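Novice: Pasting a structure here, questions to come.
The values are calculated or read from the model by the stated rules, or taken from the named source; none is laboratory data. Nothing here was measured: the structure is a model prediction, and the numbers come from that model. Cβ coordinates were reconstructed from backbone atoms using ideal geometry, including for glycine residues, and neighbour counts include every protein chain displayed.
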Amino acid sequence: MRMIVAGNWKMHKDHTEAKALLGAMKEMSIPSQVDVMVAPPFPFLAIAVEELKGTSITVAAQNCHEKEHGAFTGEVSATMLRSLGVGACIIGHSERRQYFGESDAIVAEKIKTLLQHGLIPIYCCGERKEERIEDRQFEVVAKQIQVALGWADGQALRQVVIAYEPVWAIGTGLTATAQQAQDMHAHIRQLVRTQVGDAADAVRILYGGSCKPDNAEELFANADVDGGLIGGASLDAGQFAALVRSAGSA
Ligand code: PGA
């Protein structure tokens, strides 16, 4: 399976810094079996599409609204993203859930809208720290996937990228061990298999949560880890390029 390395800049970088980072990414060498994506903040999406023209890098958004248009001040639609040349969109990130009250039911609607408009949803799931302590992580993630993706058939699910991001590992410097990641990724693939059979083998499942050049190799070597969703380390061109190289040798 082709690997994906996707950078999530979150709410970082100003215009000048964004252009500089995109310029550095343009020079990056990308192994043939790796798909690279980058998700800058909304104001820099058009610049990213322009700057990365002629490369294989897909520009992604960090969120979108579930409706196609309407009186939703401050929101951005999938049609707008598509019209810019954006190819993917992160959906259901734990920060959206925690700070903006996003539920899996809303996330399901967003995923449907993205697929209708030919954008790749990068669907994020993952347990919180207390749920891991209580050993409820498998049940929690199963529930998230059931609500967000339970409606989908094999054809739809093949277009979806799933990112397992244990909340306790995001931006904390704590990383899931390679074994913890593999166990959860295998669990997710099994859930998808139960739903859509062998189409599960085509669904790429990324790991996210303090994934850095020094731990990526071990994480990416797992059978069910098909790449990474990278926050902090995607803000540095050198670190991001190192992660892309690791995916290429996985
Ligand atoms: P991190 O963020 O790599 O900074 O932990 C990952 C994410 O939130 O996607």
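Novice: Regarding segment 182-199, can at least one residue be identified that is among the small types (Gly, Ala, Ser), within 15 Å of the ligand (Cβ to nearest atom) and either out of contact with any Asp or Glu (no Cβ under 8 Å at 6 or more places or on another chain) or modelled with pLDDT under 95 (or both)?
Specialist: In the first step, residues of segment 182-199 are kept if they are among the small types (Gly, Ala, Ser); the result is 186, 197, 199.
Checking the rest, the ones that are also within 15 Å of the ligand (Cβ to nearest atom) come to none.
No, there is no match, as no residue in segment 182-199 is among the small types (Gly, Ala, Ser), within 15 Å of the ligand (Cβ to nearest atom) and either out of contact with any Asp or Glu (no Cβ under 8 Å at 6 or more places or on another chain) or modelled with pLDDT under 95 (or both).
Novice: Got at least one residue in segment 161-170 being at pLDDT below 95, within 30 Å of Gly85 (Cα to Cα) and under 15 Å from the mean Cα position of the chain (by Cα)?
Specialist: There is at least one residue in segment 161-170 that is at pLDDT below 95, within 30 Å of Gly85 (Cα to Cα) and under 15 Å from the mean Cα position of the chain (by Cα).
Novice: Oh, and also: Which number in (1) under 23 Å from Glu127 (Cα atoms); (2) free of Cβ contacts under 8 Å to residues at least 60 places away in the same chain marks the one condition that Ile230 misses?
Specialist: (2)
Novice: Also, quick follow-up: Quick one: would you say Ala71 is within 17 Å of the chain's Cα centre (by Cα) and among the aliphatic types (A, V, I, L, M)?
Specialist: Details: within 17 Å of the chain's Cα centre (by Cα): no; among the aliphatic types (A, V, I, L, M): yes.
Considered against the rule, which asks whether it is within 17 Å of the chain's Cα centre (by Cα) and among the aliphatic types (A, V, I, L, M), Ala71 comes out as no.
Novice: I'd like to check which helices (runs of 4 or more DSSP H) are fully inside segment 79-136 and have at least 1 residues that are within 16 Å of the ligand (Cβ to nearest atom) and surrounded by 20 or more Cβ atoms within 10 Å (Cβ to Cβ).
Specialist: Details: elements: 94-100, 104-116, 129-133.
Hits in segment 79-136: 94-100, 104-116.
Novice: What are the residues in segment 208-225 that are within 15 Å of the ligand (Cβ to nearest atom) and either in contact (Cβ under 8 Å) with a residue 24 or more places away in the chain or crowded, with 19+ Cβ neighbours inside 10 Å (or both), if any? Please lay out each step first, then the result.
Specialist: If we filter segment 208-225 for residues that are within 15 Å of the ligand (Cβ to nearest atom), which is where we start, we get 208-216, 219-220, 225.
Listed by number, the residues that qualify are Gly208, Gly209, Ser210, Cys211, Lys212, Pro213, Asn215, Ala216, Leu219, Phe220, Val225.
Novice: Conditions first: (1) crowded, with 19+ Cβ neighbours inside 10 Å; (2) free of Cβ contacts under 8 Å to residues at least 24 places away in the same chain; (3) polar (S, T, N, Q). Thr58 passes all but one, so which condition is the exception?
Specialist: For Thr58, the failing item is (2).
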